[in-house]
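A short worksheet on the structure shown next.
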Amino acid sequence: MKIVILSRRASLYSTRRLAEAAAERGHEVRVIDYLRCYMNITSNRPRVIYGGEAIECDAIIPRIGASQTFYGTAIVRQFEVMGVLPANESQAITRSRDKLRSLQLLSRAGVGLPVTGFAHSPKDVDSLIELVGGAPLIVKLLEGTQGIGVVLAETKKAAESVIGAFKQLDANILVQEFVKEAAGADIRAFVVGERAVAAMKRQAPEGEFRSNIHRGGRAVKVRLTPEERAAAVKAAKVLGLKVAGVDLLQSNRGPLVMEVNSSPGLEGIEKTTQVDVAGKIIELLEKNATRGWTKDTVRL
């Protein structure tokens, strides 16, 4: 197959590993900066052009940055119009980037979630805090990524101040319960196709509640329980993602899905678990290349 990896930099660990895995399996692989692509939107002859050359390929692996979701998914969608097989479809990527929409879809499907509140008027702050069980609680920017824009408010007064400050900036926020029994840890389950192929438990450093590895969190390989495995696979499927990083909290009422990432990094999961996740993504494309991709059926 001719495989194109849509990524800003070929030197990034995830991009490099995907390119290596594709080449090892005999595929022709190319890394292209999706922001340098442009489109010819012509009836019956749609094209994606890069450096003056029309791109011809059988499959694409989108590695779209959160800040470039609009243009990145437009390029992915153009490839879809051309009949190219995507590892993740444009609609699924867009859906996963909208935290509120994602939670609504997961809620409708019965996936376990932290109690979450969303409101517009500052007059509803007290009711919003009460809705999630009071302080301590988590305040999240809808547009935040990688732990940025996530605040732990340990008292009601602190929660009111943080929510008020975000509202003054006209920012859209979610308010979530603080799951104390998780003890600053979460699980990243990596889903490829309809299987959780690798998982690691991330522990926040002392004095920090966010367990992101790039914020100093430690990671160890973990074996998922059947409930955790089922929750991760279902969350990815609900959002229409074939490749996803699903973040879970271990709570007294079972696994709770915090977030579903459509462009999860490979470095932490591969180095922690020693699983060839990049290879499994290429295998997924191989299995679906001849029969075509299942069309996205989620309409919300």
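For this structure, a couple of remarks:
- Other-chain or far-sequence residues with amide H under 5 Å of residue 135's (modelled H): 156
- Measuring r between the beta carbons of residue 10 and residue 41 and using R0 = 41 Å, the FRET efficiency lands at 0.90.
- Pairwise centroid distance, computed over Cα atoms, of the stretch 44-122 with the stretch 219-288, Å: 18 Å
- Separation of the alpha carbons by more than 24 angstrom is noted, of 157/180; 140/167; 201/242; 167/242; 140/180, for 167/242.
- A cut-off of 5 Å between modelled amide H atoms, ignoring neighbours fewer than 5 places along the same chain, links residue 5 with 30, 31, 32, 61.
- Once backbone amide H atoms are built at 1.01 Å from N, residue 251 has 256 as its partners under 5 Å, excluding neighbours fewer than 5 places away on the same chain.
- One decimal place: the segment residue 252-residue 49 gains 67.9 nm when fully extended, by the rule 0.36 nm per residue minus the C-alpha distance.
- Value of D in µm² per second that Stokes-Einstein yields for the stretch 181-289, Kirkwood Rh from Cα pairs, at 25 °C (0.890 mPa s): 176 µm²/s
- Neighbours of residue 27 by Cβ distance under 13 Å: Lys/Arg scored +1, Asp/Glu scored -1, total -3.
- Likely footprinting exposure, 30, 45, fewest C-beta neighbours within 10 Å first: 45, 30
- To the nearest ten degrees, helix 99-108 and the longest principal axis of the Cα atoms of the chain are 80 degrees apart.
- Around residue 253: net Lys/Arg minus Asp/Glu count, Cβ-Cβ under 14 Å: -3
- Sequence-ordered 3J(HN,Hα) estimates for the stretch 30-46 from the Karplus curve with 6.51, -1.76 and 1.60 and θ = phi - 60° stand at 9, 9, 10, 6, 5, 6, 9, 7, 9, 10, 10, 9, 10, 4, 6, 9, x Hz, glycine and proline given as x.
- Cβ-based net charge around residue 270, under 14 Å, with every Lys or Arg adding one and every Asp or Glu removing one: +3
- Spherically averaged projected area of the chain from its Cα convex hull (nm²): 16.3 nm²
- The modelled label-to-label distance for the pair residue 155/residue 230, using points 7 Å beyond Cα in the direction of Cβ, is 4.3 nm.
- 222 nm mean residue ellipticity, helices alone, for the chain (DSSP H n ≥ 4; -39,500 (n - 2.57); rounded to 500): -9500 deg cm²/dmol
- Potential lengthening between residue 100 and residue 286 on full extension [0.36 nm per residue; Cα-Cα distance subtracted]: 63.6 nm
- The loop-placed GluC sites (Glu not before Pro) in the stretch 36-102, going by DSSP, that have at most 13 neighbouring Cβ atoms within 10 Å of their Cβ come out as 56.
- Each of 27, 120 was scored by other Cβ atoms within 10 Å of its Cβ. Arranged with the fewest first, they read 120, 27.
- Separation of the residue 107 and residue 194 label points, Cα + 7 Å toward Cβ, nm: 2.8 nm
None of the figures in this text is laboratory data; all of them are computed from the coordinates on show. Everything numeric in this text was worked out from a predicted model, so none of it was measured. So basically every Cβ, Gly included, is an ideal-geometry build from the backbone, and we count neighbours across all protein chains shown.
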